[in-house]
Amino acid sequence: MDGKEIVWSADQDIYLKTNNGSIVLSGSDGTLIDVKRIPIATTRNNNYVTSQYKVCVCMPQGKLFRIPVPSGSNQRVFCHHINTSPTHNPCI
């Protein structure tokens with residue numbers, strides 16, 4: 001599929017599926033993903049305010065979500081450190 005802009009829309013979720021194990025989005029000027037539309041997952045230690053987020057992928061569903069990254073600290077953030085209760089789990 002060639003083009004400078006690809007717009008996907010659906011009434012439900014959009015999933016990317018691969019037969020060979022990888023999906024590559026590339027372009028000469030880069031690839032833009034509107035992160036404002038990616039849900040924010042709550043982490044186990046979610047007592048900080050930040051403007052930076054890490055983008056994560058639910059496997060094997062392929063759903064994207066983001067988690068807050070604390071600014072000004074050496075605290076590391078991992079995608080599996082999320083609140084997995086049924087009301088907050090971004091992968092369900």
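Values for this structure:
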read-out: Test: residue in the range 61-74 that is modelled with pLDDT of 70 or more, touching a helix residue (DSSP H, G or I) at 6+ places or on another chain (Cβ under 8 Å) and either surrounded by 10 or more Cβ atoms within 10 Å (Cβ to Cβ) or in a loop (DSSP other than H, G, I, E, B) (or both); value: yes
read-out: Some residue of the range 50-57 being modelled with pLDDT of 80 or more, under 15 Å from I38 (Cβ atoms) and among the hydroxyl-bearing types (S, T, Y); value: yes
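The values are calculated or read from the model by the stated rules, or taken from the named source; none is laboratory data. Because the structure is predicted, anything quoted here is derived from the model rather than measured. Positions of Cβ are generated from backbone atoms using ideal geometry, with glycine treated the same way; all protein chains shown enter the neighbour counts.
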